[in-house]
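See below for the structure under consideration.
The values are calculated or read from the model by the stated rules, or taken from the named source; none is laboratory data. On a predicted model such as this, the values are computed, not experimentally measured, just so you know. Note that each Cβ is placed from the backbone with ideal geometry, even for glycine, and that neighbours are counted across all protein chains shown.
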Amino acid sequence: MYQISIKDYEKNLKKRFPNDDFTVLSFTAAIKPVTIKCNKCNKIYNYNRGTTLYSNRRKNICTFCSSKIVQGVYKSCEINNITIINHSYNTIDPWYFRCNICGEEFSRIIYHWKTKQCPKCLAEKRSTVVQFNWQKIIDDLCGESEFEVLKNTSADHFFIKHKCGFIRKTQSGAFLRSPWCPRCKGTMSKGERKILDYLQKNNISYEAQKKIPDSHQTFDFYIQPNIAIEFNGK
């Protein structure tokens, strides 16, 4: 085992690690230092003894490429047709990529890269998401002219206006479970109705049941840019 050539040594290692792509750069004897380069990430490993790699505990030649995070990036780049232009051996430093579909070049810290997709292509996919025709669905459910869908904020969120003039933002599932106007139904307090009447009478734009970002509280009315109204009491 100790009197083998560099080619034989590399051949033995490739049998032991068939899924790794590497090249033995220097080798004189199994009991002497050996240098190996990973052909995938170009990282070079120096070992004090060539026999170190014969350990049964070792699963891969390149510990960097075999990590779960890096493996996930390699797989996603292959699936989404993305080329790695340059990378760091530290997962919290930026990696640089090129999308082979649109040509976009971008950088990402792979530890925080959740989508594993080209940002430009992903934005185009999201912009072409089919929006449901909620106006037709609501008309079939509640009757024509009962509600008017003003605009979709996402695939299943929209602003809706009742024929009484009350406007609110709602989620599709919540509305389909309770397809009525809270003002006309009586679920709105007298104080809330007075505030609503005042806003509508003075043509003040508002959002009903507005949840403020970075806050767990939902307010009865919200007026741009930063006025929130919550009525408590009778």
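Numerical summary
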| item | result |
| --- | --- |
| Positions within the range 28-68 being without any contact (Cβ under 8 Å) to a residue 40 or more places away in the chain, among the hydrophobic types (A, V, I, L, M, F, W, C) and surrounded by 14 or more Cβ atoms within 10 Å (Cβ to Cβ), in sequence order | ALA29, ALA30, VAL34, ILE36, CYS38, PHE64 |
| Wholly enclosed strands (runs of 3 or more DSSP E) of the range 32-140 bearing at least 3 residues in contact with a Phe, Trp or Tyr (Cβ under 7 Å, 6 or more places away or on another chain) and at pLDDT 90 or above | 34-38, 82-86, 105-109 |
| Whichever residue in the range 13-31 is of a type in the set (A, V, I, L, M, F, W, C) and part of a loop (DSSP other than H, G, I, E, B) and, among such residues, is nearest to TYR89 (Cα to Cα) | PHE17 |
